[in-house]
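Student: Shown below is the structure under consideration.
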Amino acid sequence: MFGALQTALLASLFLGLSCGLIGSYVVVRRMSLFGDTMSHAVFPGVVLGFFLQDEKNPYFILGCALLAGILGALMSGSLQRTTRLKQDASLGVVLVTFFAFGVGLHSLSPQTGVSSYLYGQIAAITDSDLLMMGGVSLLIVCAVALLRRPFYVASFDPGFARNLSYPVKVLDSIFAFLLAAAVVVSMQAVGVVLVSAMLITPAATAYLLTDRFSKMMMLSVGFSILAGMIGCLWSYQQLKTPTGPAIAISAAALFGLAFLFAPQYGVLAKYLRRRQQVRQIRRENTLQSLYRIKEQRSDGKRAVTLSELAQYRRRSPSHVLPELFSLKKVGLIESLSGRDVWQLTMNGEQRAAELIRNHRLWELYLINEADYQTDHVHDDAEKMEHVLKGDLLEALEKQLDFPTADPHGMPIPDPAKTSVLLREGGQK
Amino acid sequence: MKTEVHALEVHDLTVTYHKKPVLYGIDLAVPTGNLVGVVGPNGAGKSTLIKSIMGVVPMASGWAEAFGQPVNDVLGRIGYVPQRESVDWDFPVTVMDVAMMGTFGRLGPFRRAGASERARAEEALERVGMLPFAKRQIGSLSGGQQQRVFLARALAQDSDLYFMDEPFAGVDAATESAIIELLKELREQGKTVLVVHHDLQSARDYFDMLILLNMRVVAFGKTEDVFTTELLQKTYGGRLTILAEMAEQAAKVPLEKIHKDHS
């Protein structure tokens with residue numbers, strides 16, 4: 001009825017819907033190992049399903065696989081209740097034991113077709129398999145649509161779910177059953193060994209991209225389907241690659257892209273944000289240096305030469321120049337003579353005064369209120385000067401009773417007055 | 001014969017953890033419209049008291065009623081603010097999403113939230129000053145802000161009886177005074193609020209009534225009546241260590257043996 005390509009695409013769709021939806025809960029509930037256990041625990045059921053029937057019957061295998069999965073979940077649950085084993089160890093015991101039983105049973109009486117359940121083989125999926133997969137994934141989609149709200153609240157805050165009279169334990173059982181069903185839908189395409197990759201990786205990818213759970217579910221389904229399709233096409237082109245690894249690697253590649261390029265949580269975005277911060281801090285330090293150089297002079301001259309500044313910053317002029325140019329761009333400084341002589345503008349004067357005030361206020365605070373040693377405060381203040389603002393700044397000034405000098409005897413400038421003074425001075 | 005219906009009534013409540021008793025024969029009758037503090041030393045079972053009344057932790061024996069009915073039947077009239085540590089703050093939900101959960105009680109599990117629910121959630125966020133943060137993911141908030149969000153969810157529930165588990169833990173001074181103002185407002189509206197609190201100093205100012213708890217109810221009554229050196233010493237003084245010790249010993253004795261000794 002279905003061609004090879006159609007089978008591949010339909011299987012990807014079913015697998016993507018089931019694993020994408022269920023996987024979202026698996027990831028936010030930190031149940032990854034539970035998913036892995038469930039997928040390995042169904043294997044002896046699959047083998048038994050082949051073993052007990054002469055002809056391959058997808059519904060019978062489905063039933064056996066579900067039973068084995070549920071048995072595994074119950075066993076690890078009772079291990080936790082009756083021993084002092086925690087969840088990870090009790091799941092681990094069940095995972096390996098069930099899987100070993102499956103492999104052992106299979107070697108006793110090897111049945112053809114079992115290996116495609118182990119690593120996934122899209123070519124081995126028959127039309128009746130496909131119908132079964134479609135039916136089960138429809139069941140999963142309906143169940144999740146219906147129980148969306150209770151699942152969501154119970155995943156976030158079980159205590160509050162209880163407050164809303166949701167039957168948390170019943171919901172957990174239903175969820176375990178749906179998880180087993182998702183494994184069964186996907187095992188022929190991906191194989192039981194790698195099904196958990198489909199439960200975790202696409203949802204983890206989605207988790208890096210959004211802060212809304214509903215969006216995460218949709219993205220997760222999208223990535224699952226996409227990974228399924230890429231993997232199926234890949235293994236379709238190159239018959240040597242089993243479908244399971246091809247799909248899992250595709251999912252991992254998508255994850256890799258999100259890991260690198262996610263707008264909020266990706267490493268590239270984090271790196272760029274960090275770099276921007278570092279540059280900002282450097283610029284602000286240069287700004288302050290101009291202020292401090294001027295402050296140290298007795299004649300009150302405001303212009304500073306490039307070599308003076310480089311020496312003060314203990315860096316080469318070529319390092320300092322780009323910072324000067326970007327400060328000029330935002331109108332904080334102006335150049336008096338090409339690239340050699342610079343001066344703070346009115347705005348620059350004010351911003352520099354703010355930074356210096358922050359620095360000196362913080363030093364004073366550390367020494368007076370937190371009993372720091374005088375020689376310990378500078379480095380800390382170097383950091384704080386860039387972040388101190390708003391309510392905390394006001395509170396700090398109030399607590400120190402609006403001081404005018406720092407512990408080293410340097411004046412603590414008042415940025416508002418700085419620009420006024422400057423304006424008056426300019427008029428003179 | 002009951003002359004008045006209490007907001008909360010607890011009778012002979014016992015809770016065990018790994019067979020060890022954590023709470024022992026608790027009796028309480030909290031009159032409606034009070035701000036009640038639950039205080040006691042670490043490990044006294046303060047949080048467990050609330051959790052067991054809510055049914056989050058099972059009771060070994062006893063019962064709890066709210067407004068004269070089993071708690072289970074009137075959960076819709078009860079609001080619960082769990083400890084802040086009880087949820088994963090990296091969960092993909094926004095401040096608004098959490099406040100919206102407060103409206104789920106009336107909506108039931110299936111009905112869609114509409115404009116009126118949204119308005120109720122927004123109003124609750126406004127009351128705790130968190131509306132400007134509505135779109136933020138909850139993990140990016142400070143501890144005090146997170147607690148305010150939890151409180152907004154409880155306000156959106158519009159309950160008659162509230163249980164709050166350490167709402168002042170790890171919050172800044174401004175949040176603490178904002179929360180206490182809000183709790184007083186709730187009391188003015190005739191609501192009853194039970195608050196687990198660990199700071200004895202402020203407990204005296206904050207609450208109308210106090211439950212002094214240490215495995216047992218050492219004292220329960222109006223703050224001015226029970227905030228006495230003698231009772232506080234009894235609560236914090238560790239005189240109940242023998243009870244805890246014996247309870248632990250007893251937990252190790254197999255059940256049959258106890259029955260045999262009794263017969």
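The values are calculated or read from the model by the stated rules, or taken from the named source; none is laboratory data. In this text, all values refer to a predicted model and were calculated from it rather than measured experimentally. For neighbour counting, all protein chains shown are included, and Cβ atoms are generated from backbone atoms with ideal geometry for every residue, glycine included.
Student: Given the criteria among the aromatic types (Phe, Trp, Tyr), surrounded by 23 or more Cβ atoms within 10 Å (Cβ to Cβ), under 30 Å from B:SER47 (Cβ atoms) and at pLDDT 95 or above, does A:PHE151 qualify?
Tutor: yes
Student: Same structure again: Which of the residues that make up region B:117-133 are at pLDDT below 95 and either among the small types (Gly, Ala, Ser) or in contact with a His (Cβ under 8 Å, 6 or more places away or on another chain) (or both)?
Tutor: The one that is at pLDDT below 95 and either among the small types (Gly, Ala, Ser) or in contact with a His (Cβ under 8 Å, 6 or more places away or on another chain) (or both): B:GLY129.
Student: Given the residues A:GLN343, A:GLN296, A:GLN373, A:GLN280, which is the only one that is polar (S, T, N, Q), touching a residue at least 40 places away in the same chain (Cβ under 8 Å) and either in contact with a Gly (Cβ under 9 Å, 6 or more places away or on another chain) or under 30 Å from A:GLN399 (Cβ atoms) (or both)?
Tutor: A:GLN280
Student: What about A:ILE125, is it over 26 Å from the mean Cα position of the chain (by Cα), more than 11 Å from every other protein chain (Cβ to nearest Cβ) and buried (at least 21 other Cβ atoms within 10 Å of the Cβ)?
Tutor: Criteria met by A:ILE125.
Student: Within region B:75-106, which residues are assigned to a loop (DSSP other than H, G, I, E, B) and either acidic (Asp, Glu) or over 19 Å from the mean Cα position of the chain (by Cα) (or both)?
Tutor: The answer is B:ASP88, B:TRP89, B:ASP90, B:PHE91, B:PRO92, B:VAL93, B:THR103.
Student: Test B:LEU131 against the stated conditions and say whether it is at negative phi, more than 10 Å from chain A (Cβ to nearest Cβ) and not acidic (Asp, Glu).
Tutor: yes
Student: Oh, and also: Looking at B:GLU230, is it among the acidic types (Asp, Glu) and surrounded by fewer than 17 Cβ atoms within 10 Å (Cβ to Cβ)?
Tutor: The answer is yes for B:GLU230.
Student: Okay, moving on. Out of all the residues in region B:26-59, which are surrounded by fewer than 20 Cβ atoms within 10 Å (Cβ to Cβ) and at pLDDT below 90?
Tutor: Of everything in region B:26-59, those that are surrounded by fewer than 20 Cβ atoms within 10 Å (Cβ to Cβ) and at pLDDT below 90 turn out to be B:PRO41, B:ASN42, B:GLY43.
Results for (1) surrounded by 11 or more Cβ atoms within 10 Å (Cβ to Cβ); (2) of a type outside the set (D, E, K, R); (3) modelled with pLDDT of 85 or more, shown as yes or no for each residue.
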| position | (1), (2), (3) |
| --- | --- |
| A:ALA381 | yes, yes, yes |
| A:HIS386 | yes, yes, yes |
| A:ASP391 | no, no, no |
| A:PHE402 | no, yes, yes |
| A:HIS408 | yes, yes, no |
| A:LYS417 | yes, no, no |
| A:GLY426 | no, yes, no |
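Student: I would also like to ask the following. Step by step: first the residues of region B:131-166, then only those that are in contact with a Phe, Trp or Tyr (Cβ under 9 Å, 6 or more places away or on another chain) and among the acidic types (Asp, Glu), then the one that is surrounded by the most Cβ atoms within 10 Å (Cβ to Cβ). Which residue is that?
Tutor: Per the stated criteria, the residue is B:ASP165.
Student: Restricting attention to region A:204-213, which residues are at the interface with another protein chain (Cβ under 9 Å from one of its Cβ atoms) and in a helix (DSSP H, G or I)?
Tutor: First, pick out the residues of region A:204-213 that are at the interface with another protein chain (Cβ under 9 Å from one of its Cβ atoms): A:206-207, A:210-213.
Residues satisfying the conditions are A:ALA206, A:TYR207, A:PHE213.
Student: Can I ask one more? Answer with yes or no whether A:MET229 is within 14 Å of another protein chain (Cβ to nearest Cβ), modelled with pLDDT of 90 or more and within 23 Å of A:VAL26 (Cα to Cα).
Tutor: no
Student: If you take just the helices (runs of 4 or more DSSP H) that sit entirely in region A:145-194, which of them hold at least 2 residues that are in contact (Cβ under 8 Å) with a residue 40 or more places away in the chain, within 14 Å of chain B (Cβ to nearest Cβ) and under 30 Å from A:ALA100 (Cα atoms)?
Tutor: Numbers: elements: A:148-156, A:158-163, A:168-190.
Correct list: empty, since no element meets the threshold.
Student: Would you check if A:GLY134 is surrounded by fewer than 16 Cβ atoms within 10 Å (Cβ to Cβ), within 28 Å of A:ILE247 (Cα to Cα) and either at pLDDT 95 or above or away from chain B (no Cβ under 14 Å) (or both)?
Tutor: It is false that A:GLY134 is surrounded by fewer than 16 Cβ atoms within 10 Å (Cβ to Cβ), within 28 Å of A:ILE247 (Cα to Cα) and either at pLDDT 95 or above or away from chain B (no Cβ under 14 Å) (or both).
Student: Moving to a separate point now. Mind listing whichever residues of region B:57-73 are in contact (Cβ under 8 Å) with a residue 12 or more places away in the chain and not in a strand (DSSP E or B)?
Tutor: Result: B:VAL57, B:PRO58, B:MET59, B:ALA60, B:PHE67, B:GLY68, B:VAL71, B:ASN72.
Student: Report yes if A:GLY266 is surrounded by 12 or more Cβ atoms within 10 Å (Cβ to Cβ) and either at pLDDT 90 or above or more than 40 Å from the chain's Cα centre (by Cα) (or both), otherwise no.
Tutor: It is true that A:GLY266 is surrounded by 12 or more Cβ atoms within 10 Å (Cβ to Cβ) and either at pLDDT 90 or above or more than 40 Å from the chain's Cα centre (by Cα) (or both).
Student: Further question: Specify which of the listed residues (B:MET100, B:MET96) is closer than 30 Å to B:GLY139 by Cβ, crowded, with 16+ Cβ neighbours inside 10 Å, among the hydrophobic types (A, V, I, L, M, F, W, C) and touching a Leu at 6+ places or on another chain (Cβ under 8 Å).
Tutor: On the way: B:MET100 fails: touching a Leu at 6+ places or on another chain (Cβ under 8 Å).
Going through B:MET100, B:MET96 in turn, just one is closer than 30 Å to B:GLY139 by Cβ, crowded, with 16+ Cβ neighbours inside 10 Å, among the hydrophobic types (A, V, I, L, M, F, W, C) and touching a Leu at 6+ places or on another chain (Cβ under 8 Å): B:MET96.
Student: Could I ask something else about it? Restricting to region B:182-203, count the residues that are over 22 Å from B:ALA154 (Cβ atoms) and in contact with a strand residue (DSSP E or B) (Cβ under 8 Å, 6 or more places away or on another chain).
Tutor: Number satisfying all stated conditions: 1.
Student: Given the structure, is A:GLU363 under 17 Å from A:ALA405 (Cβ atoms), at pLDDT below 85 and of a type in the set (D, E, K, R)?
Tutor: In short, no.
Student: Something else now. How many residues, within region A:392-417, are hydroxyl-bearing (Ser, Thr, Tyr) and under 17 Å from A:THR374 (Cβ atoms)?
Tutor: Number of matching residues: 0.
Student: Test A:SER24 against the criterion of being touching a residue at least 60 places away in the same chain (Cβ under 8 Å), of a type outside the set (Val, Ile, Thr) and more than 19 Å from A:GLY191 (Cβ to Cβ), and give yes or no.
Tutor: yes
Student: Okay, moving on. Out of all the residues in region B:43-52, is one or more in a loop (DSSP other than H, G, I, E, B), aliphatic (A, V, I, L, M) and over 19 Å from A:GLY159 (Cβ atoms)? First the steps, then the outcome.
Tutor: Here is the first cut: in region B:43-52, the residues in a loop (DSSP other than H, G, I, E, B) are B:43-45.
Those still in the list that are aliphatic (A, V, I, L, M) too: B:44.
In the following step, the residues that additionally are over 19 Å from A:GLY159 (Cβ atoms) were identified as B:44.
Yes, some residue in region B:43-52 is in a loop (DSSP other than H, G, I, E, B), aliphatic (A, V, I, L, M) and over 19 Å from A:GLY159 (Cβ atoms).
Student: I'm checking my understanding of the structure. Among residues of region B:179-191 that are farther than 19 Å from B:GLU224 by Cβ and either modelled with pLDDT under 90 or not hydrophobic (A, V, I, L, M, F, W, C) (or both), which one is surrounded by the most Cβ atoms within 10 Å (Cβ to Cβ)?
Tutor: B:LYS191
Student: I've got another one for you. What's the total number of residues in region A:256-289 that are touching a Leu at 6+ places or on another chain (Cβ under 7 Å) and charged (D, E, K, R)?
Tutor: Final tally of qualifying residues: 2.
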